[in-house]
1. If GLY60 passes every condition in (1) touching a residue at least 40 places away in the same chain (Cβ under 8 Å); (2) of a type in the set (Gly, Ala, Ser); (3) surrounded by fewer than 21 Cβ atoms within 10 Å (Cβ to Cβ) but one, which one does it miss?
2. Would you confirm whether any residue within the range 20-30 is among the basic types (Lys, Arg) and not in a loop (DSSP other than H, G, I, E, B)?
3. (1) out of contact with any Gly (no Cβ under 9 Å at 6 or more places or on another chain); (2) open to solvent by less than 20 Å² (accessible area, probe 1.4 Å); (3) closer than 14 Å to VAL8 by Cα; (4) of a type in the set (A, V, I, L, M, F, W, C): which one isn't true of ALA42, the others all being true?
4. Being part of a loop (DSSP other than H, G, I, E, B), hydroxyl-bearing (Ser, Thr, Tyr) and either open to solvent by less than 20 Å² (accessible area, probe 1.4 Å) or within 24 Å of MET129 (Cα to Cα) (or both) is the requirement here; does SER3 meet it?
5. So if I check each of ILE49, ILE15, ILE2, which one is within 18 Å of GLN119 (Cα to Cα) and among the β-branched types (Val, Ile, Thr)?
Amino acid sequence: MISVLQRVRQARVEIAGEVVGRIDAGLLALVCAEQGDGQPQADRLLAKILRLRIFADEAGKMNRSLQDVGGGLLVVSQFTLAADTRGGNRPGFSQAAAPAEGERLYDYFVTQARAAHPQVATGRFGADMQVHLVNDGPVTIPLRIEP
C-alpha cells in the first residue's frame, strides 16, 4: 500500500460542496491499495502512520507521533498514487488494486484506524473530492508498504 502523509494545521474533504470529513491539527493520509495488497499491508501502514514521529516536541524536534499529540487523521482514497510515469506522458494505473478490492481495503483501513485512534475522518471512496488543507511545515512524507 502507498500513502502520502501531510502534516496539517487543518484539512477537509468536500464532495459537491458538502464537507464530508474535517480535522484540525493532525495528518492527512492519502491512501492507495496496489495489486497484491491485503489486510497485513493495511495494518502495517496504519501502524506506521500512527507512530511516525513527525510532530515537534518541546525542543522543536520532530519526535512525537500522531498518537502522542492526539491529532486528527483524515483518510482519503487516492488510486493515482499508483501512477506509473516511466513511459510517455500519460500515467498508467495498472498497479492499482481493482476498484472493488481497493474499496474493500480502504474500508478495512478506515475501520482499523477508527478502532485505534479517537479522531478519524474520511473522504468517500471513488468520489470526485476536493481536498483543502493547510500543510504544517510543510511536512509531506511518502510511505510504501510492500506485499
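The values are calculated or read from the model by the stated rules, or taken from the named source; none is laboratory data. Remember, it's a predicted structure, so these values are computed and weren't measured experimentally. Cβ placement follows ideal geometry from the backbone for every residue including glycine, while neighbour counts extend to all protein chains displayed. The accessibility values were calculated without ligands, DNA or RNA, using every heavy atom of the protein model including side chains. Shrake-Rupley method; radii C 1.70, N 1.55, O 1.52, S 1.80 Å.
1. (1)
2. Quick first cut of the range 20-30, residues among the basic types (Lys, Arg) only: 22.
Restricting the remaining residues to those that are not in a loop (DSSP other than H, G, I, E, B) gives 22.
Within the range 20-30, one or more residues are among the basic types (Lys, Arg) and not in a loop (DSSP other than H, G, I, E, B).
3. (3)
4. Numbers: part of a loop (DSSP other than H, G, I, E, B): no; hydroxyl-bearing (Ser, Thr, Tyr): yes; either open to solvent by less than 20 Å² (accessible area, probe 1.4 Å) or within 24 Å of MET129 (Cα to Cα) (or both): yes.
When the stated conditions are applied, SER3 does not pass them.
5. Details: ILE15 fails: within 18 Å of GLN119 (Cα to Cα); ILE2 fails: within 18 Å of GLN119 (Cα to Cα).
None of the others qualify; the one that does is ILE49.
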